[in-house]
Structure formats: C-alpha cells, structure tokens
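All remarks here apply to the structure that follows.
Laboratory data are not the source of any read-out in this text; all were calculated from the coordinates shown. Bear in mind that the values here come from a model prediction, so they are computed numbers and not experimental data. All Cβ positions, glycine included, derive from the backbone under ideal geometry; neighbour counts span all protein chains shown.
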Amino acid sequence: MSAVTLERDRGSRWRSLPFRAVVTAVLLASVATASAETRDLTPAERALVDRFSSVVGGLLDLFRSDDWVEKIDYTLEDPSTAVKPQTPLQVGALERTYNARPGSRRWNALLAPHAQVVTGGEAAPQAMAQAGRAMQPLMHVHVSATFNTRFSALDLEHDPELKIEGVTRALRDPRPTRYAEPGVVLLFSDAAAGRWVRADGGLRFDFANAPGAVVIENVEIRISGAKDRVDELLRDIDWRRVDAALGR
C-alpha cells in the first residue's frame, strides 16, 4: 500500500492525497511563511532606503499643485525587510493619492459643470449618473514607487510603449492598481547591473546581486488616474533624476 495522508476538504470530508504532494505543499507553505518574516533594517540598509525616499520622494513632491489635495498613503519612515529575502533589499512603497481640489482652477474649468448636475437635484437620474461618470476620469491621480521589483505584470504585446528620457521601459497600463483610467508603468534600472527580460506575461528582473544585497538595482513607479494630469507629469518631470537612487 502506498503511503497516504488525510486532508479535510471544504465539505469536512476526509480524502487521501499522495504523501509526496503533501510534503511538497508543506515545504512550500514553510518557505512562504519564512519569507514573510521580517526584521528591522541595519544602518547600511536604512541609509539606502533614506536615499531612495529622498530622491524618489523628491520627484513625487512635484506632483503637488494648487489643483490637487495630496494624501500620503504610505511612507518608508519605519520599514522592515524579509528575514529570508529572495531579491536584494526590499521594503515597502512610497504611495500617494491626489484628489481634485474643489474651487481650484481645475475644478472650476473641468469638474464644476458636471458637479452642478450631480448636486443640483433638478436633472433626471440618468443625467446625474452620466455627469458623475464624466467626473471620475478627471478627479484622481495615484502614484506608487518601489525598488528591487522582481516582476512587473504587463501585456508587452498590447500595452503601448512610451519613450521617456531617463526611463528604461515605460508602458501604458490598461490595468492600473487604482482607478479605472489607464495608467503608466515606469521602470528604471542601472545599465551595469541586472536587466528586464520577458517572462510569464510580463517583465522579470534578472538581478546581478545576491538576495539581501544592500543595493538598489531597479525602481518601478506606477501612476494612474486623470490622463491629462498623468501626461503632464510625464512631460514636465526630469525622470533622469531617479538614477541617483540606483546602486549601492
């Protein structure tokens, strides 16, 4: 008789599974648990994170304007990292959300006519709903920035690629993580280190340094929301400055 083990399924009925399959599942679960364990940063790691926050955070500061109310979603003030890393140093993300400021120039020019329909109470429900839908693509911008990204999910066959000075790869992203409007993904990497390669329906980064190494080999910035504002940011910001965050 082959060795078996018992597993309770969703219906609380016992069923047998091959011993090898169960051992594999347990090992994978153990690896996932171990990789999820975190620790505080060393002084050298903290210095690297501070550099990233200063350089890339400084670029994100340029998203600010009188037209938008800024909300800081996540910072790297008290980060931790994996006890058993699978890439060079990884921590959390810088993340911010911007909402159109009522009464601002942008609001009065683009949003106020729709807002009057929504809040006026005189329009038909269908017209109010249509006005609300017209406001959504104009009201929000979201940005996140991470480093030492292992994989970036992109449709390289269909996502339009952009040419932006200082950006290694830049693509329109029809599946942004925030808001329904298409966003952009900006990928940066040191030419002397690893490289982005096609893999598994996106781009995988082949790192030049060992897991846990105190180095920044790549940066990923994702922006989504109001297309006119996103395009303005892509045009006006000097993205070459991200290079200062790369390296040891």
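Once each part is reduced to its C-alpha centroid, what is the distance from region 82-154 to region 39-76 in angstrom?
So the two Cα centres are separated by 19 Å.
Which far-off residues, 5 or more places away or on another chain, put their amide H under 5 Å from the one on residue 202, with H placed in the peptide plane?
Hits under the 5 Å cutoff: 154.
In whole Hz and in residue order, list the ³J(HN,Hα) couplings for region 149-165 that follow from phi through the Karplus curve 6.51 cos²θ - 1.76 cosθ + 1.60, θ = phi - 60°; x for Gly and Pro.
These are the phi-based 3J(HN,Hα) values: 6, 7, 8, 10, 6, 9, 9, 5, 7, 10, 6, x, 9, 9, 10, 10, 4 Hz.
Rg/Rh for region 38-127: what does it come to with C-alpha atoms and Rh from Kirkwood?
Ratio of gyration radius to Kirkwood radius: 1.25.
Show me, for region 166-172, the HN-Hα J-couplings you get by feeding each phi into the Karplus relation (A = 6.51, B = -1.76, C = 1.60, θ = phi - 60°), rounded to Hz, glycine and proline as x.
Per residue, the Karplus-derived 3J(HN,Hα) values read x, 10, 5, 9, 9, 9, 5 Hz.
Given points 7 Å out from each Cα along the Cα-Cβ axis, report the residue 126 to residue 213 separation in nanometres with one decimal.
Result: 6.2 nm between the two label points.
Please list, in order along region 90-97, the HN-Hα scalar couplings obtained from phi with the Karplus expression 6.51 cos²θ - 1.76 cosθ + 1.60 (θ = phi - 60°), rounded to whole Hz, x for Gly and Pro.
10, 10, x, 9, 8, 9, 9, 10
In vacuo Debye scattering of region 106-225, one point per C-alpha: log10 I(q)/I(0) at q = 0.11, 0.20 Å⁻¹?
Cα-only, vacuum Debye calculation for region 106-225: -0.51, -1.05.
List the residues whose amide H sits under 5 Å from the amide H of residue 87, counting only those 5 or more places along or on another chain, with H placed 1.01 Å from N in the peptide plane.
212
Where does each of 211-223, 56-68 land if you order them by average Cβ count within 10 Å, highest first? Don't skip to the end; give the middle numbers.
Values: 211-223: 21.2, 56-68: 16.0.
Output ranking for 211-223, 56-68: 211-223, 56-68.
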